[in-house]
Amino acid sequence: MRISSILLAAFLAAAAPIVPLATQAHAQDDNSRARNHLRSGETMSLREIERRILPKMRGMQYLGPEYDARAQIYRLKFLKDGRVYFVDVDARTGEIVETR
C-alpha cells in the first residue's frame with residue numbers, strides 16, 4: 001500500500017503542469033492591478049460585469065473570466081454547441097468590446 005501511495009504521488013507530481021515563474025509573477029501583478037483598479041473606482045467589479053453580460057448570453061454555458069489589467073478588459077468565456085466563445089468587456093464601462 002505504501003509503495004502505491006508513493007508511486008501515485010510521484011505520478012501526480014510529474015503530471016502537474018509546470019508554470020514558469022515569469023508567468024506566475026505576471027498573474028500576481030495582474031491580480032494586484034485589478035484590485036487597485038477596483039479600489040480606486042477605475043473599474044467595475046467582476047460581479048457587476050457578469051450581472052450585465054450574462055443575461056445577454058442566453059443559451060451559452062459560462063466557463064469563467066480572465067482579466068487583463070493592462071488593457072482593463074475582462075474576457076468572459078462561454079461554451080455553446082461545443083464551441084468556445086470569448087466576450088471581451090471594458091472593465092471601466094461594462095460595454096462589450098469584442099466577441100470571438
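Observations, loosely collected:
- Tally, over the stretch 30-61, of residues that are within 24 Å of Val84 (Cβ to Cβ), over 15 Å from the mean Cα position of the chain (by Cα) and of a type in the set (Gly, Ala, Ser): 1
- Of the residues contained in the stretch 4-20, none is found to be assigned to a loop (DSSP other than H, G, I, E, B), surrounded by 15 or more Cβ atoms within 10 Å (Cβ to Cβ) and modelled with pLDDT under 95.
- Residues that are open to solvent by 80 Å² or more (accessible area, probe 1.4 Å) and part of a loop (DSSP other than H, G, I, E, B) were ranked within the stretch 74-100; the one that is farthest from Met57 (Cα to Cα) is Arg92.
- Residue satisfying all of: in the stretch 41-68; open to solvent by 80 Å² or more (accessible area, probe 1.4 Å) and out of contact with any strand residue (DSSP E or B) (no Cβ under 7 Å at 6 or more places or on another chain); modelled with the lowest pLDDT among these: Glu42
The values are calculated or read from the model by the stated rules, or taken from the named source; none is laboratory data. Small disclaimer: the values here were computed from a predicted structure and weren't measured. Positions of Cβ are backbone-derived with ideal geometry, glycine not excepted, and every protein chain shown enters the neighbour counts. Ligands, DNA and RNA are excluded from the accessible area calculation, which covers all protein heavy atoms including side chains. Shrake-Rupley method; radii C 1.70, N 1.55, O 1.52, S 1.80 Å.
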